[in-house]
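Okay, structure first, notes after.
The values are calculated or read from the model by the stated rules, or taken from the named source; none is laboratory data. These numbers come from a predicted model, not from an experiment. Using ideal geometry, Cβ is built from the backbone for each residue, glycine included, and neighbour counts are taken over all protein chains shown.
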RNA sequence: GGCUCUAUCGUCUAACGGUUAGGACGAAUCCUUCUCAAGGAUUAAAUCGCGGUUCGAUUCCGCGUAGAGUCACCA
């Protein structure tokens, strides 16, 4: 045996993996990796009625997508023989007993529950985050640890499995704090050492209540669908309730492992901020190589709009890939592909007369005409137009009507980039229509 | 309600017992600009309350108050 650190993430497959649960996984993972230890993934499926394969799949897929890898994987249900072994041992030794009771479901069936013989003592443990936590266990009574000898319940299964897996640090949500004394009692009964506990403050939703699927917490899979970057989620979620101390906030997966420190975990619950996640995502997108950015934006663009020239314009206006689709759907890109409908009144810039606008456009058209089709780049168009615009009372009386003539929109990228993308012929043709 | 835990800008947070209480998101303003976006600059915004310890408290202690979690034959 070595003193290697082992942590675990033990979700029950009774719902989709959401950000709150995910953060628990991250902290256990980061802590293990930071200390060159092992990270165990255990699916807690002892509740046969509520556990579903699709949820297990979802958890596995989500973790994989997020880049959280584990060194060991198993389902709790595969360990029932071990649970049974300890159950029998405890019964033999008198720390547990079989209790014949009427089922609570109203059927009146007599069942052989296994109850833990509560020694009724004070239990204290040193929590890595909370400090010393003391609890009296007398009011817990002889709590049930198995539905019968073959069907272990949570507390027994957790203790046995953590013991068997050699888990040294149990990093889990604060909602488990009050379960800890019971589990420590069981550890004593089966001769298992008490691991080090670290109970994480919960992640709260905008309603200040524990994040849960019931209350509309988005599943990790949803963030994937929305085109978030897994590393941004890792970064953003790791930063709720924890931070490495400095002013640097954008961390990659590897940097996070290096920086992680349990002692800097916050003690109070934190409200999750979606806007900041968007920001994290944008920052991580900026870290991507250009080709990767282009590839993704093109993928999210509708079939008829996959123009690489649009990439820079789109990129500075999005914070996640699905924004690309949103922009396209909102018609913000249409004018790059089709001449817009123009409302001539909107051509007017401030108090400039229609005649003046018209003559400006005519002059600009003539000048643009002199640029060859091959040289119709953003720089050349800009140089040409700015030169004219500078000679006017204000640049706006030329640039505004041109931009509007080209885009038909109140808000759009600048006219130079639009012109260079739609090309010389189309630019001239749209200008012509506006004169 | 019992038990456990927590308390710094709206949100996430930083600050050996000594700081003009710092940063980020968001917001606002300005610059850049024909508009939008991006970029740059700036501003507003917090130590829950009351006591105590101390020369000195965001920091330590107590009491309030507020919030969270948990009280299953779920996990």
Q.
Looking at the stretch A:289-320 only, could you name the residues that are out of contact with any helix residue (DSSP H, G or I) (no Cβ under 6 Å at 6 or more places or on another chain), assigned to a loop (DSSP other than H, G, I, E, B) and in contact (Cβ under 8 Å) with a residue 40 or more places away in the chain?
A. A:307
Q. Would you pick out the residues in the stretch A:156-175 that are buried (at least 16 other Cβ atoms within 10 Å of the Cβ), under 21 Å from residue A:242 (Cβ atoms) and within 9 Å of RNA strand B (Cβ to nearest atom)?
A. A:173, A:174
Q) Would a scan of the stretch A:333-344 turn up a residue that is within 12 Å of RNA strand B (Cβ to nearest atom), more than 22 Å from residue A:425 (Cα to Cα), part of a helix (DSSP H, G or I) and in contact with a helix residue (DSSP H, G or I) (Cβ under 8 Å, 6 or more places away or on another chain)? A) no
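So that you can scan it fast, the table gives a plain yes or no per residue for (1) within 14 Å of the chain's Cα centre (by Cα); (2) surrounded by 13 or more Cβ atoms within 10 Å (Cβ to Cβ); (3) without any contact (Cβ under 8 Å) to a residue 40 or more places away in the chain; (4) more than 18 Å from residue A:20 (Cβ to Cβ):
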position: A:249; (1), (2), (3), (4): no, yes, yes, yes
position: A:257; (1), (2), (3), (4): no, yes, no, yes
position: A:260; (1), (2), (3), (4): no, yes, no, yes
position: A:266; (1), (2), (3), (4): no, yes, no, no
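Being surrounded by fewer than 21 Cβ atoms within 10 Å (Cβ to Cβ) and within 16 Å of RNA strand B (Cβ to nearest atom) narrows it down to one of A:48, A:92, A:64, so name that one.
Working: A:92 fails: within 16 Å of RNA strand B (Cβ to nearest atom); A:64 fails: within 16 Å of RNA strand B (Cβ to nearest atom).
Of the residues listed, the single one that is surrounded by fewer than 21 Cβ atoms within 10 Å (Cβ to Cβ) and within 16 Å of RNA strand B (Cβ to nearest atom) is A:48.
With respect to residue A:208, is the statement that it is near RNA strand B (Cβ under 9 Å from one of its atoms) and at positive phi true? Lay out the reasoning, then the answer.
Details: near RNA strand B (Cβ under 9 Å from one of its atoms): yes; at positive phi: yes.
Yes: the conditions hold for residue A:208.
For the stretch A:81-88, does any single residue satisfy the condition of being surrounded by fewer than 13 Cβ atoms within 10 Å (Cβ to Cβ), free of Cβ contacts under 8 Å to residues at least 24 places away in the same chain and farther than 25 Å from residue A:196 by Cα? So that I can check it myself, show each step before the final result.
Initial filter on the stretch A:81-88 (surrounded by fewer than 13 Cβ atoms within 10 Å (Cβ to Cβ)): A:81.
Filter again for free of Cβ contacts under 8 Å to residues at least 24 places away in the same chain, leaving A:81.
Within this subset, residues satisfying the condition of being farther than 25 Å from residue A:196 by Cα are A:81.
Yes, there is a match, as at least one residue in the stretch A:81-88 is surrounded by fewer than 13 Cβ atoms within 10 Å (Cβ to Cβ), free of Cβ contacts under 8 Å to residues at least 24 places away in the same chain and farther than 25 Å from residue A:196 by Cα.
Looking at the stretch A:237-245, is at least one residue within 9 Å of RNA strand B (Cβ to nearest atom), under 14 Å from the mean Cα position of the chain (by Cα) and surrounded by 17 or more Cβ atoms within 10 Å (Cβ to Cβ)? Walk me through it before giving the result.
The first filter runs over the stretch A:237-245 and keeps only residues within 9 Å of RNA strand B (Cβ to nearest atom), leaving A:239-245.
Checking which are under 14 Å from the mean Cα position of the chain (by Cα) leaves us with A:239-240.
Now narrow it down to the ones that are surrounded by 17 or more Cβ atoms within 10 Å (Cβ to Cβ): A:239-240.
Yes - at least one qualifying residue is present in the stretch A:237-245.
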Q) Just a yes or no: is a residue in the stretch A:186-197 surrounded by 20 or more Cβ atoms within 10 Å (Cβ to Cβ), in contact with a strand residue (DSSP E or B) (Cβ under 9 Å, 6 or more places away or on another chain), modelled with pLDDT of 95 or more and within 22 Å of residue A:94 (Cα to Cα)? A) yes
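Identify the residue in the stretch A:216-239 that is part of a loop (DSSP other than H, G, I, E, B) and under 22 Å from residue A:15 (Cα atoms) and, among all such residues, is modelled with the lowest pLDDT.
Of all residues in the stretch A:216-239, those part of a loop (DSSP other than H, G, I, E, B) come to A:216-218, A:226-229, A:239.
Remaining after also requiring under 22 Å from residue A:15 (Cα atoms): A:216-218, A:226-228.
Numbers: A:216: 64, A:217: 74, A:218: 84, A:226: 96, A:227: 96, A:228: 97.
Of everything passing the filter in the stretch A:216-239, A:216 is modelled with the lowest pLDDT.
Going by what's in this entry, would residue A:112 be described as over 37 Å from the mean Cα position of the chain (by Cα) and modelled with pLDDT under 95?
Values: over 37 Å from the mean Cα position of the chain (by Cα): yes; modelled with pLDDT under 95: yes.
Taking the combined requirement at face value, the residue satisfies it.
Which residue is farthest from RNA strand B (Cβ to nearest atom), if the candidates are limited to the stretch A:249-287 and must be more than 20 Å from residue A:223 (Cα to Cα) and assigned to a loop (DSSP other than H, G, I, E, B)?
Here is the first cut: in the stretch A:249-287, the ones more than 20 Å from residue A:223 (Cα to Cα) are A:249, A:254-269.
From what's left, assigned to a loop (DSSP other than H, G, I, E, B): A:249, A:260-261, A:266-269.
Details: A:249: 5, A:260: 13, A:261: 10, A:266: 4, A:267: 4, A:268: 3, A:269: 5 Å.
Among those that are more than 20 Å from residue A:223 (Cα to Cα) and assigned to a loop (DSSP other than H, G, I, E, B), it is A:260.
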